[in-house]
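Chemist: Pasting a structure here, questions to come.
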Amino acid sequence: MILTDKQIDHYKRHIIIPEVGEEGQRKLLDSTAILYCESVESLRPSAYYLAALGMGRIFCYLENKSKSESLFDEVVDLNNDTSIEFLSKDNTADYRIVLGSINFVKKIADELLNEKFIQTIVSVNSQWKGTLQTFDNHILFKNFINSLNTSNDISNSSTVFLANALSATLCSIEAAKHCLNIGTSQKYMLVYDLFEMKFTTIEDSNNLSEILKELNSTKINQNLAKAKVLVMGAGGLGAPAAYGLAIAGVGTLGLLDLDVVEMSNLNRQVLHSFSRIGMSKAKSAEYLLKKINPIINIKTHIRELTQDNAEEIFSDYDLIIAAVDNIPTRYLINDVCIKLRKAFVEAGVLRLDGTATTIIPHEGHCYRCLYPNIDTSIFTNKDNGVLGPVPGVMGFIEAAEAIKVLTEIGTTLKNKILLFNALDMDFNIIEIQRNPECLTCGDN
């Protein structure tokens, strides 16, 4: 298979990653996935990110097929190199992904065991918590299913929330690594908790229902309905951040982006599509978010953020999400938020790595404490590659952090920085402190 000029432009952010290149992108386009999910809502982020990667064929098993035709159309519009259809008995694939609640995975366990074994990526999740594990042989997978069947069911476990979205991106990364034969597969179970922002690896998967057990989120939803959040940027980071806030039920969502949709955006910016190339990114994102959550109030700001307008724009919102790709804008967001005493969540990505932190003015560090004086050519993905699901991981983490700050629950990344490496599926959280000599938030 030879990539066309159009495909080279489309996937150029993948191709310029040394671990991918043109040969790797051809492998992705030649690959086939089987995806098991409960519903269209749980399937959507997985289908989006696999399609954005350029996965050639996706076969889907859905317990509830309602509204699937509309989603399939969205996936093909995101990437017309990808085909998506329902799974049939004759379909074969390079790997399969099983993603859903503990109740769902237990329901389909016998069917999974009776099928011919292929590499299997499993993520079991509740609302805030989830797991990730990749199985390379049938015996280990059977042992996992047997231990799962001894776990108790979890009430209301099928409600789609942020853990499902984060799991979708993590599974997509594992799938890409398998197809490209790069990095290390997740042989031991990764357990994550977005509520407490903890990531651990365990060898014993017994009592999975206890691991995934969590609080009731009714109060969270009630508080979020009144919240106003501005997402700065509707690209690789802003798309998943906005998506996460929309499915969580944020009342008002602002989207600020001056750019228009380009073909090279579509390997990672999953709120956009081929049919909306040339449209404002803010308007394109609004279109799809309204389909996902029809009652959300969305305000679009198709303008550049400047020293002259930043305070006026930010004053209408409770919290800011920084989802931008350049250092000067990060500094501007930081300085204005500190001045206005507005919390903001910051993330960045480069190739196969990401970072995230939460900044609460005058309660801890600020962005300039972390990076007091950096060359503006560093930490931008404009001239560098990025694997599509990596900004998805960081954007969904930004959404989780925003929700916790707004509702005053959980443990945030205040005075911490999260470092993520996709090749090893490694999450590392480092404690940091405010710099008393910082030009923005220091003692002077």
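Chemist: Any idea how many residues of region 77-114 are touching a residue at least 12 places away in the same chain (Cβ under 8 Å) and farther than 30 Å from Glu214 by Cα?
Modeler: 17
Chemist: If Tyr36 satisfies all but one of (1) crowded, with 20+ Cβ neighbours inside 10 Å; (2) touching a residue at least 40 places away in the same chain (Cβ under 8 Å); (3) more than 24 Å from Glu115 (Cα to Cα); (4) not acidic (Asp, Glu), what's the number of the condition it fails?
Modeler: (3)
Chemist: If you don't mind, another one. What number goes with the only condition from (1) touching a residue at least 12 places away in the same chain (Cβ under 8 Å); (2) in the same structural domain as Val122 (by TED's automatic domain parsing); (3) not hydrophobic (A, V, I, L, M, F, W, C) that Glu262 does not pass?
Modeler: Evaluating Glu262 over (1) touching a residue at least 12 places away in the same chain (Cβ under 8 Å); (2) in the same structural domain as Val122 (by TED's automatic domain parsing); (3) not hydrophobic (A, V, I, L, M, F, W, C) leaves (2) as the failure.
Chemist: Condition test on Ile84, is it in contact with a Cys (Cβ under 6 Å, 6 or more places away or on another chain) and buried (at least 22 other Cβ atoms within 10 Å of the Cβ)?
Modeler: So Ile84 does not fit the description; no.
Chemist: Find the helices (runs of 4 or more DSSP H) located wholly in region 102-200 whose residues include 3 or more that are closer than 27 Å to Lys404 by Cβ, and list them.
Modeler: By residue number, 102-107, 162-180.
Chemist: Count, please, the residues in region 416-444 that happen to be in the same structural domain as Val349 (by TED's automatic domain parsing) and buried (at least 18 other Cβ atoms within 10 Å of the Cβ).
Modeler: 5
Chemist: Can you list the helices (runs of 4 or more DSSP H) found entirely within region 251-369 that contain at least 3 residues being closer than 28 Å to Asp443 by Cβ and of a type in the set (Asp, Glu)?
Modeler: Counting at least 3 such residues, we get no helices (runs of 4 or more DSSP H) at all.
Chemist: Being free of Cβ contacts under 8 Å to residues at least 60 places away in the same chain and surrounded by 18 or more Cβ atoms within 10 Å (Cβ to Cβ) is the filter here, so list the residues in region 302-327 that pass it. Walk me through how you get there before you give the answer.
Modeler: Let us first name the residues in region 302-327 that are free of Cβ contacts under 8 Å to residues at least 60 places away in the same chain, namely 302-304, 306-312, 315, 326-327.
Ala310, Ile327 - these are the residues of region 302-327 that are free of Cβ contacts under 8 Å to residues at least 60 places away in the same chain and surrounded by 18 or more Cβ atoms within 10 Å (Cβ to Cβ).
Chemist: Going by the structure shown, is Val229 part of a loop (DSSP other than H, G, I, E, B), surrounded by 24 or more Cβ atoms within 10 Å (Cβ to Cβ) and β-branched (Val, Ile, Thr)?
Modeler: no
Chemist: Within region 47-64, is there a residue that is surrounded by fewer than 20 Cβ atoms within 10 Å (Cβ to Cβ), of a type in the set (Val, Ile, Thr) and not assigned by TED's automatic domain parsing to the domain that holds Ala248?
Modeler: No; the residues of region 47-64 include none that is surrounded by fewer than 20 Cβ atoms within 10 Å (Cβ to Cβ), of a type in the set (Val, Ile, Thr) and not assigned by TED's automatic domain parsing to the domain that holds Ala248.
Yes or no, residue by residue, for (1) farther than 24 Å from Glu312 by Cβ; (2) in contact with a strand residue (DSSP E or B) (Cβ under 6 Å, 6 or more places away or on another chain); (3) touching a residue at least 12 places away in the same chain (Cβ under 8 Å); (4) not polar (S, T, N, Q):
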site	(1), (2), (3), (4)
Thr329	no, no, yes, no
Asn334	no, no, yes, no
Glu346	no, yes, yes, yes
Ile360	no, yes, yes, yes
Asn373	yes, no, no, no
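Chemist: Any residue at all in region 166-177 that's exposed (fewer than 14 other Cβ atoms within 10 Å of the Cβ), modelled with pLDDT of 95 or more and over 16 Å from the mean Cα position of the chain (by Cα)? Step through it out loud before you land on a result.
Modeler: Within region 166-177, the first condition is being exposed (fewer than 14 other Cβ atoms within 10 Å of the Cβ), and the residues that meet it are none.
Scanning region 166-177 turns up no residue that is exposed (fewer than 14 other Cβ atoms within 10 Å of the Cβ), modelled with pLDDT of 95 or more and over 16 Å from the mean Cα position of the chain (by Cα).
The values are calculated or read from the model by the stated rules, or taken from the named source; none is laboratory data. Keep in mind it's a predicted model, so treat the numbers as computed, not measured. With ideal geometry, Cβ positions are generated from the backbone for all residues, glycine too; neighbour counts draw on all protein chains shown.
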